[in-house]
C-alpha cells in the first residue's frame, strides 16, 4: 500500500475514503465497504455530520475482524466555531466520542475562518470572528497541546496557503504535518505543492474528481466535467481504466495523498484499484496542460461580509 512519510516518520496511507456529502446511513455502508476492500485511511470532519455513523462502522469493522485500530488512519477536523483555544480540545473529544476512538491519527484545522461558537454555518456577517481576534496561531497552539496529550498522533491544517502555514509555524516553532486542499487537474496548485514540500508539509488532495456532486449545493454550473474531458477519457481508454481511476492515479503520482468520496461499493472498489495504475510521462504532461486555476470549492460561502474575502482566504 502506498503511503506518505510525515516529518515525524509516521506513515499515512496515500489513498483514503472521503466522507464529505455522505448521508448518515450511506457513510456507515461506505466505510464498511472500504475497509473490507482494503482501505486503511478514512477522512472525516465534524461538519460532515456523520461521525457517529462512521464510528459505528469502525466499531463493527473491528468486531468483525476486518481491521485493527492500529492498522487504520483516521482523520477528522476542527470546525470553524471552535477556533478559540478553550474550544479546541472539547471539539476534538466530541469527535472522538462520536467516532468511538481513543485517539485520531490526524486532526486538522478545517478552514482558516472563525465563526461564533455554536454557529455551524453563518447566516450573516455577525456570525464571523476576525482572525485578529482569534489568530490562527492561537488555534494552532491549542491543536499542538491536544497532540501532546495523545488525543491526536499528528495535527495539521486544511485550506491553508503558504503564508498561513508559515505564520503559524513561525509563531509556535512547529509546522503542520499535513495541509489538505482542493487538488485536481483543473486546480493543480503547483506553487503550493512546491511550498509545502519545501516546508516539510505533506499534502492531501480533496475533490480529486472535481467535486461534480457539490455543484448544486454551491449553485455552481460546471461546463466540462473532469471525468468527461476528452484527454482524461483518452488516457483512461489507453490503460483500460476509468476516468476516475486516472484522476486518482494522477494525484498519487504527484506525491499527494488523495481521498475520493463514494458511497457506491462498486465505485469504492474501483477507486481502490487506481493505486495500481501507472501513468506515463506523456499522460502526466497531457493532464498537466488542463490546469485552469479553477476552484470548485471556492470558499464563497464565507464571503457574507467584509471579514473574509478571496484575498484573505487564498492570497489572491
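The values are calculated or read from the model by the stated rules, or taken from the named source; none is laboratory data. Just so it is clear, the structure is predicted and the values come from calculations on it, not from any experiment. All Cβ positions, even for glycine, are placed from backbone atoms using ideal geometry, and neighbour counts span all protein chains on display.
Do we find that residue 120 is part of a helix (DSSP H, G or I), at negative phi and either buried (at least 20 other Cβ atoms within 10 Å of the Cβ) or touching a residue at least 40 places away in the same chain (Cβ under 8 Å) (or both) in this structure?
Numbers: part of a helix (DSSP H, G or I): no; at negative phi: yes; either buried (at least 20 other Cβ atoms within 10 Å of the Cβ) or touching a residue at least 40 places away in the same chain (Cβ under 8 Å) (or both): yes.
No: the conditions fail for residue 120.
Return the residues of the range 189-217 that are in contact with a helix residue (DSSP H, G or I) (Cβ under 8 Å, 6 or more places away or on another chain), closer than 30 Å to residue 229 by Cα and either at pLDDT below 95 or surrounded by 19 or more Cβ atoms within 10 Å (Cβ to Cβ) (or both); say none if nothing qualifies. So that I can check it myself, show each step before the final result.
Of all residues in the range 189-217, those in contact with a helix residue (DSSP H, G or I) (Cβ under 8 Å, 6 or more places away or on another chain) come to 191-192, 195-196, 199, 201-203, 205, 207-210, 212.
Now narrow it down to the ones that are closer than 30 Å to residue 229 by Cα: 191-192, 195-196, 202-203, 205, 207-210, 212.
If the condition is that a residue be in contact with a helix residue (DSSP H, G or I) (Cβ under 8 Å, 6 or more places away or on another chain), closer than 30 Å to residue 229 by Cα and either at pLDDT below 95 or surrounded by 19 or more Cβ atoms within 10 Å (Cβ to Cβ) (or both), then 192, 196, 202, 203, 205, 207, 208, 209, 210, 212 are the ones that fit.
Among the residues of the range 38-97, count how many are within 21 Å of the chain's Cα centre (by Cα), under 30 Å from residue 127 (Cβ atoms) and assigned to a loop (DSSP other than H, G, I, E, B).
Number satisfying all stated conditions: 6.
Given the conditions (1) touching a strand residue (DSSP E or B) at 6+ places or on another chain (Cβ under 8 Å); (2) surrounded by 20 or more Cβ atoms within 10 Å (Cβ to Cβ); (3) touching a residue at least 40 places away in the same chain (Cβ under 8 Å), and given that residue 74 satisfies all but one, which numbered condition is not satisfied?
So residue 74 meets the others, but not (3).
Which number in (1) over 21 Å from the mean Cα position of the chain (by Cα); (2) part of a helix (DSSP H, G or I) marks the one condition that residue 134 misses?
Condition (2) is where residue 134 drops out.
Restricting to the range 243-265, name every residue that is in a loop (DSSP other than H, G, I, E, B), out of contact with any helix residue (DSSP H, G or I) (no Cβ under 6 Å at 6 or more places or on another chain) and on the phi < 0 side of the Ramachandran plot. Break it down stepwise before answering.
To start, the set of residues in the range 243-265 that are in a loop (DSSP other than H, G, I, E, B) comprises 254-256, 259-260, 262-264.
With out of contact with any helix residue (DSSP H, G or I) (no Cβ under 6 Å at 6 or more places or on another chain) added as a condition, the list becomes 254-256, 259, 264.
Residues satisfying the conditions are 254, 256, 259, 264.
More than 18 Å from residue 17 (Cα to Cα), surrounded by 17 or more Cβ atoms within 10 Å (Cβ to Cβ) and touching a residue at least 24 places away in the same chain (Cβ under 8 Å): does that describe residue 275?
Working: more than 18 Å from residue 17 (Cα to Cα): no; surrounded by 17 or more Cβ atoms within 10 Å (Cβ to Cβ): yes; touching a residue at least 24 places away in the same chain (Cβ under 8 Å): yes.
No.
Scan the range 160-206 for residues that are closer than 25 Å to residue 245 by Cβ and in a loop (DSSP other than H, G, I, E, B) and report the count.
Within the range 160-206, residues that are closer than 25 Å to residue 245 by Cβ and in a loop (DSSP other than H, G, I, E, B) number 5.
Just one of 231, 227, 242 is surrounded by fewer than 23 Cβ atoms within 10 Å (Cβ to Cβ) and in contact (Cβ under 8 Å) with a residue 40 or more places away in the chain; which is it? If you could, list the steps in order and put the result at the bottom.
On the way: 227 fails: in contact (Cβ under 8 Å) with a residue 40 or more places away in the chain; 242 fails: in contact (Cβ under 8 Å) with a residue 40 or more places away in the chain.
Unique residue meeting the criteria: 231.
Inside the range 10-38, can you point out the residues that are farther than 12 Å from residue 58 by Cα and either without any contact (Cβ under 8 Å) to a residue 24 or more places away in the chain or touching a helix residue (DSSP H, G or I) at 6+ places or on another chain (Cβ under 8 Å) (or both)?
In the first step, residues of the range 10-38 are kept if they are farther than 12 Å from residue 58 by Cα; the result is 10-26, 37-38.
Once the filter is applied, which keeps residues that are farther than 12 Å from residue 58 by Cα and either without any contact (Cβ under 8 Å) to a residue 24 or more places away in the chain or touching a helix residue (DSSP H, G or I) at 6+ places or on another chain (Cβ under 8 Å) (or both), the range 10-38 yields 11, 14, 15, 17, 19, 20, 21, 22, 24, 25, 37, 38.
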